[in-house]
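Heads up, the thing below is written out as structure tokens.
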Amino acid sequence: MSKKDVDAYISAQSEPERTLLKQMRKIILEVEPSLKQVISYGFPAFKLESDVICGIAARKSGCSFYPFSGSVLPALKSDLVKYKQTKSALHFDTPLPKTLVQKLMTQRMVQVMVKKKRR
């Protein structure tokens, strides 16, 4: 799976989800340009080496951001009060602010680094 597959996933979505996903992909790659684009669990995801840092997906109304860790959203609870969420996803119908995406991704990347040091 590659950037081409991510492009195909995004292109297959209806509006406004297609535009939202394009905007979110741009923000994610601005935060960490070295991420590799893949499809994971059927939706676009972004990997740092072998670890998935985050993913984005279209929903019936809006989109979701997936931190690929059950502890990222609770750790940033105070930053997320105005967003609907589930245990594993943050839902949005406008692009998430870049500063929030950076916090979410940093939280996840720190987890990945800690995990690797323990090995």
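In region 17-41, which residues are β-branched (Val, Ile, Thr), buried (at least 16 other Cβ atoms within 10 Å of the Cβ) and either within 18 Å of SER61 (Cβ to Cβ) or in contact (Cβ under 8 Å) with a residue 60 or more places away in the chain (or both)?
Passing the criteria: ILE27, ILE28, VAL31.
Sort out which residues of region 60-119 are among the hydrophobic types (A, V, I, L, M, F, W, C) and surrounded by fewer than 16 Cβ atoms within 10 Å (Cβ to Cβ), and write them in order of number. So that I can check it myself, show each step before the final result.
Within region 60-119, the first condition is being among the hydrophobic types (A, V, I, L, M, F, W, C), and the residues that meet it are 63, 65, 68, 72-73, 75-76, 80-81, 89-90, 92, 96, 100-101, 104-105, 109-110, 112-114.
VAL81, VAL110, MET113, VAL114 - these are the residues of region 60-119 that are among the hydrophobic types (A, V, I, L, M, F, W, C) and surrounded by fewer than 16 Cβ atoms within 10 Å (Cβ to Cβ).
SER14 - would you say it is crowded, with 17+ Cβ neighbours inside 10 Å, in a loop (DSSP other than H, G, I, E, B) and of a type outside the set (A, V, I, L, M)? Talk me through it step by step, then tell me what you get.
On the way: crowded, with 17+ Cβ neighbours inside 10 Å: no; in a loop (DSSP other than H, G, I, E, B): yes; of a type outside the set (A, V, I, L, M): yes.
No.
What residue, of TYR41, TYR66, is touching a strand residue (DSSP E or B) at 6+ places or on another chain (Cβ under 8 Å) and at positive phi?
Just one listed residue meets the conditions, TYR41.
Under the condition of being among the basic types (Lys, Arg) and assigned to a strand (DSSP E or B), which residue from region 36-74 is farthest from the chain's Cα centre (by Cα)? So that I can check it myself, show each step before the final result.
As a first pass, look at region 36-74 and keep what is among the basic types (Lys, Arg): 36, 47, 59-60.
Checking the rest, the ones that are also assigned to a strand (DSSP E or B) come to 36, 47.
On the way: LYS36: 12, LYS47: 10 Å.
Checked region 36-74; the qualifying residue farthest from the chain's Cα centre (by Cα) is LYS36.
A short reminder: the numbers here are calculations on the coordinates, not readings from a lab. Quantities reported herein were computed from a predicted structural model and do not represent experimental measurements. Note that we place each Cβ from the backbone using ideal geometry, even for glycine, and neighbour counts take in every protein chain shown.
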